[in-house]
């Protein structure tokens, strides 16, 4: 299969801080004067009250986590004919939310799910990936909905521009109820990257194409 890619200077002390420092200095002076007076009288009486300790301030709560980034990219069927390569079926594509840097320049990886004769394939158009003669296939780190990443070996396409999920049916079933997908990989002659996808919405498309994708139950 020949996968075709889709297209300091320090800050001044605040006024409140200066005022607080003045109060602290005045308090220290008062304590010092009292100590001198008691020393002159031969020490403090046995029933003299101790110095009151100010209660510890409440801990400042940690800032709330930033809200999730709103999804911009959506599943579409614009290049369905190209992905099917003259076969009857259905194909859905989704470009990543982020741009990744590769040796060939910045790019947006594209996730594709396609079905023909109720056979499902799932692949990502990545461009050329790093060659590792010690392993078979290409190493991908897969994380769905923020779960810990899982390392998998995906199959390289004939033209070396895409990689295929080893179990497309199971992978697609996971995405049908997921919201986010992160795929980590090593482009050719470049540092590792992570492509981020907002995959919500696949379930409706998949169900509508059950004639080609198979009437598998919703996970």
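Only the coordinates and a few stated rules stand behind these numbers; no lab work does. All figures in this text were calculated on a predicted structure; none of them were measured in a lab. Positions of Cβ are backbone-derived with ideal geometry, glycine not excepted, and every protein chain shown enters the neighbour counts.
Observations on the model:
- Virtual spin-label span in nm between residue 81 and residue 117, 7 Å along Cα→Cβ: 2.3 nm
- Residues 78, 152, 136 in ascending order of nearby Cβ atoms (within 10 Å, fewest first): 136, 78, 152.
- Alpha carbon centroid spacing (whole Å) that separates the stretch 168-207 from the stretch 83-125: 10 Å
- Applying 1/(1 + (r/R0)^6) with R0 = 25 Å to the Cβ-Cβ distance of residue 72 and residue 136 gives a FRET efficiency near 0.10.
- In this entry, the stretch 80-213 is assigned a mean projected area of 8.0 nm², taken as a quarter of its C-alpha convex hull surface.
- In this label model, residue 98 and residue 151 are separated by 2.0 nm, measuring between points 7 Å along each Cα→Cβ vector.
- Remark: spin-label model distance residue 204-residue 158 equals 3.6 nm, labels positioned 7 Å along the Cα→Cβ axis.
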